[in-house]
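The values are calculated or read from the model by the stated rules, or taken from the named source; none is laboratory data. As the structure is a computational prediction, the values presented were derived from the model and not from experiment. Here the Cβ is made from the backbone with ideal geometry for all residues, glycine too, and neighbour counts use every protein chain on show. What goes into the accessible areas is simple: the full protein's heavy atoms, side chains included, and nothing from ligands, DNA or RNA. Shrake-Rupley method; radii C 1.70, N 1.55, O 1.52, S 1.80 Å.
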Amino acid sequence: MSNLIKTVLFLMASAFLTHLIPFNHFFRSLNTMIHEFAHAIMTLALSGHVMFIELYANHSGVTYSQISSGWSLIPISLAGYTFASLFAWFMFYARAKGKERLGLQTITLVAILSLVLFVRNEYGIMWLIGFVLLNIVMLAFVPRLLRDGYYLLLSFLMLEEAVFGSFSLVLYAMQDPAAAGDATNLAQATLIPALGWAIFFTVFSLWCASRSLRLFFGGRKPRKSRDHTRTFQPRYEE
């Protein structure tokens, strides 16, 4: 069985299992936050102006911005789906290195920056506040085993949403190319149709997913234990 088929089957199974976890709907906005945050940061990097971001309860979002040149629409539109897939990969990489705490701190920092700088609608603000507070509790007050389990849940939800979100874009592009979000924006700025860009996002997300799962099945790096033993070098005097 090819690695691609294994990746897809495992993601389908994990998507089914995570849907059984209570309050999983709440955490699925994590992918949207990362996606829109990437649009905003890329806009600022290209000297554009970010007016605000809105996050919605149906896990969708939108970034309202002004750009100074037409070509900058390409990297800005590329940023959302690609960065979300790379961020999911980063979460599994951090876990493989035994650095779940660093990964959770990074997610929390992105949420705080999104709250302070960009998000302005009521649902988005309330979701970010709740998410940040929950992460602080996980970082400061709960046992490591529970915190690591919470981190793994976020990692898989992020990975699933990155892949299936990209795949849903393919369906949108097939049904109505003018309503395929970032793929539509890229089609308007390039000679590649929206369906082509949607397929690119899907292939890229699967590539990141396969490497993320390779890290997951490879196991975690054990924490370094403190070695209290000392080695004595004998001295000989003539």
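One table, with the values for the structure above:
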| quantity | calculated |
| --- | --- |
| Residues located in segment 75-97, provided they are part of a helix (DSSP H, G or I) and open to solvent by 50 Å² or more (accessible area, probe 1.4 Å) | F83, L86, W89, F90, Y93 |
| Among residues of segment 24-61, those that are under 26 Å from Y150 (Cβ atoms) and assigned to a strand (DSSP E or B), counted | 3 |
| The one condition in (1) among the aliphatic types (A, V, I, L, M); (2) in a helix (DSSP H, G or I); (3) touching a Ser or Thr at 6+ places or on another chain (Cβ under 9 Å); (4) open to solvent by 70 Å² or more (accessible area, probe 1.4 Å) that M126 fails to fulfil | (3) |
| Every residue from segment 160-182 that is hydrophobic (A, V, I, L, M, F, W, C), buried (at least 21 other Cβ atoms within 10 Å of the Cβ) and touching a residue at least 60 places away in the same chain (Cβ under 8 Å) | A162, V163, L169 |
| Cβ-Cβ under 8 Å pairs, at least 6 apart or on other chains, segment 61-77 side farther than 28 Å from I125 by Cβ and modelled with pLDDT of 95 or more, far side of a type in the set (S, T, N, Q) and open to solvent by less than 50 Å² (accessible area, probe 1.4 Å) | I74/T190 |
| Evaluation of L55 against (1) surrounded by 14 or more Cβ atoms within 10 Å (Cβ to Cβ); (2) out of contact with any strand residue (DSSP E or B) (no Cβ under 8 Å at 6 or more places or on another chain) (one fails), failing number | (2) |
| Count - residues of segment 1-16 that are open to solvent by 20 Å² or more (accessible area, probe 1.4 Å) and either of a type in the set (A, V, I, L, M, F, W, C) or assigned to a helix (DSSP H, G or I) (or both) | 11 |
| Pairs where the first residue, in segment 13-27, is on the phi < 0 side of the Ramachandran plot and the second is open to solvent by 70 Å² or more (accessible area, probe 1.4 Å) and of a type in the set (F, W, Y), C-beta under 9 Å, 6+ apart | A15/F164 |
| Residue satisfying condition, being open to solvent by 60 Å² or more (accessible area, probe 1.4 Å) and either within 20 Å of G80 (Cβ to Cβ) or touching a helix residue (DSSP H, G or I) at 6+ places or on another chain (Cβ under 6 Å) (or both), within set H49, H25, H19, H35 | H49 |
| Residue within segment 58-81 that is within 28 Å of F204 (Cα to Cα), of a type in the set (A, V, I, L, M, F, W, C) and touching an Asp or Glu at 6+ places or on another chain (Cβ under 7 Å) present | yes |
